[in-house]
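For reference, the structure is listed below as structure tokens.
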Amino acid sequence: MKKELLEQGVIYTDMETAVREYPDIVKAHFMKCVPIYDHKFVALHGAVWSGGSFVYVPKGVKVEIPLQSYFRLNSPESGQFEHTLIIVDEGASLHFIEGCSAPKYNKVNLHAGCVELYVKDNAYLRYSTIENWSKNMLNLNTKKAIVGKNAQVDWVSGSFGSKISMLYPMSILNGEGAKTEYTGISFAGKGQNLDTGFKVIHNSPNTSSVINSKSISKNGGIATYRSLVRINENAKNSKCTVSCESLMLDSQSRSDTIPVNDVRTDEVEFSHEAKIGKISDQSIFYLMSRGLSEEDAKAMIVRGFAEPISKALPIEYAVEMNNLINLELEGAIG
């Protein structure tokens, strides 16, 4: 497969190698999408980053097989600061999958990685990630994409584990006709506060965004959806649809939705829908009457709730996500 990528001119390597072998490309893009003054954890990342993935897809190249990277933090009381830089040139396409995990330690660990995505005119990128952190992790990752004319970036995100997560991927729609779609799920269990969401900036006419967010909370876990949608004055005839659904599995859990919608022109189509609810006792009773145990009935309902996310993943990652949901329901993660 590596030979096939090389023949197409695709560059796929680690960031340290990219800095040495492709300095001009890295210099033109590194910390430009996510500037170091964004917030203090980005500044820290810019100072101490190490590791990560670098991908460059030349003009017009369609990468048929998803590229995959996996990061694991193996040391207690330490930080992980990997940097992912992906450039999909004009008319090209790519599906990139990233996995993150860490074993359980008694000391707090910090994850302050950074992801920069450049999707040039008429290009397409799907960026999928499944994060399975231990519950001693502070997950403070920063992810942004700059999207060109008639280009599209799709985000698929699953957030599990971690003590605290603050994660809000962003798409900046700079080109006319640019599109983005976000599909994400988080699962907050006992002692967890998962503050996740999405940001999108419409800077040009005829741009569109679709946001589908789901969260599950259990055993006193806190799940928060926090978003920013900004449609600027010159982004006329743009469209945005936001849907966030929260499922609470008991009366001790908490779920909040905190959207910020900043629409600066009248010539747009915008909708926002939010739903918060609990598992229906009637649904559980129905499934139990068909022979399922109460635990299996709850698990089936939760997996059905998460189905839109699992459908967007390759089969092996969909299976992993369903397994993570089962482990969370059993209280076995972290």
Quick shape check on the stretch 2-279: root eigenvalues a ≥ b ≥ c of the Cα gyration tensor, a/c under 1.5 is rounded, otherwise prolate if a/b tops b/c, else oblate, and it reads oblate
As straight-line cross-link partners of Lys190, the qualifying aspartates and glutamates (C-alpha separation under 13 Å, not fewer than 8 residues apart within one chain) are Asp250, Glu328, Glu330
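What is the stretch 280-334's relative contact order, in percent, from Cα pairs under 8 angstrom and six or more apart in sequence? Intermediate results must be reported in sequence, preceding the final value.
Details: 20 pairs, mean separation 13.9, N = 55.
Reported as a whole number, the value is 25 percent.
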As a percent rounded to 5, the proportion of antiparallel DSSP bridges among beta bridges in the chain is 5
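When only Cα pairs under 8 Å and 6 or more residues apart are kept, what is the percent relative contact order across the chain? Before the final figure, lay out the partial values.
Working: 897 pairs, mean separation 35.5, N = 334.
Worked out over the chain, it gives 11 percent.
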If one builds a Gaussian network model of the chain from Cα atoms under 10 Å apart, the most fluctuating residue listed among Val48, Val156, Val242 is Val48
Quick note, the stretch 216-334: a/c under 1.5 would make it rounded; otherwise a/b > b/c is prolate and the rest oblate (a ≥ b ≥ c, C-alpha gyration tensor); here it is prolate
Counting Lys and Arg as +1 and Asp and Glu as -1 over every other residue whose Cβ sits under 10 Å from the Cβ of Met248, the net charge comes to +2
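As a quick test, which of the pairs Lys236/Lys311; Lys120/Lys199; Lys149/Lys311; Lys218/Lys275; Lys3/Lys311; Lys218/Lys239 have an alpha carbon distance above 24 angstrom in this structure? Kindly include the intermediate steps, with their values, before the conclusion.
Values: Lys236/Lys311 32 Å; Lys120/Lys199 19 Å; Lys149/Lys311 28 Å; Lys218/Lys275 17 Å; Lys3/Lys311 30 Å; Lys218/Lys239 34 Å.
With Cα atoms farther than 24 Å apart: Lys236/Lys311; Lys149/Lys311; Lys3/Lys311; Lys218/Lys239.
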Which of Lys199, Lys214, Lys32 fluctuates most in a GNM of the chain (C-alpha springs under 10 Å)? That residue is Lys32
Links exceeding 30 Å between C-alpha atoms in this model, out of Lys62/Lys298; Lys2/Lys163; Lys2/Lys40; Lys135/Lys214; Lys59/Lys214, come to Lys62/Lys298; Lys2/Lys163; Lys2/Lys40; Lys59/Lys214
Rounded to the nearest Å, the spacing of the alpha-carbon centers of the stretch 19-71 and the stretch 202-249 is 25
The Cα extents of the stretch 93-233 along the principal axes, largest first and rounded to whole Å, are 49, 25, 18
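How would the stretch 14-53 be classified by its alpha-carbon gyration tensor: rounded, prolate or oblate, with rounded meaning a/c under 1.5 and the a/b versus b/c comparison settling the rest?
Details: a/c = 3.08, a/b = 1.62, b/c = 1.90.
Judged from the Cα gyration tensor, the stretch 14-53 comes out oblate (a/c at least 1.5, b/c at or above a/b).
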Highest GNM mean-square fluctuation among Gly158, Gly220, Gly291, for the chain with Cα springs under 10 Å, belongs to Gly291
For the stretch 256-262, in residue order, the Karplus 3J(HN,Hα) values (coefficients 6.51, -1.76, 1.60; θ = phi - 60°; whole Hz; Gly and Pro = x) are 10, 10, 10, x, 10, 10, 10
Over the Cα atoms of the stretch 280-334 the radius of gyration and the largest Cα-Cα distance (Dmax), both in Å, equal 12.2, 33
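In what order do Met288, Met321 fall by count of nearby beta-carbon atoms within 10 Å, going from fewest to most? Mind showing how you got there, number by number?
Details: Met288 13, Met321 21.
The fewest-first ordering by Cβ neighbours comes to Met288, Met321.
Read-outs: derived from the displayed coordinates by stated rules, not from any lab. Bear in mind the structure is a predicted one, so any value in this text is a computation, not a measurement. In this analysis, Cβ positions are derived from the backbone assuming ideal geometry, glycine residues included, and neighbour counts consider all displayed protein chains.
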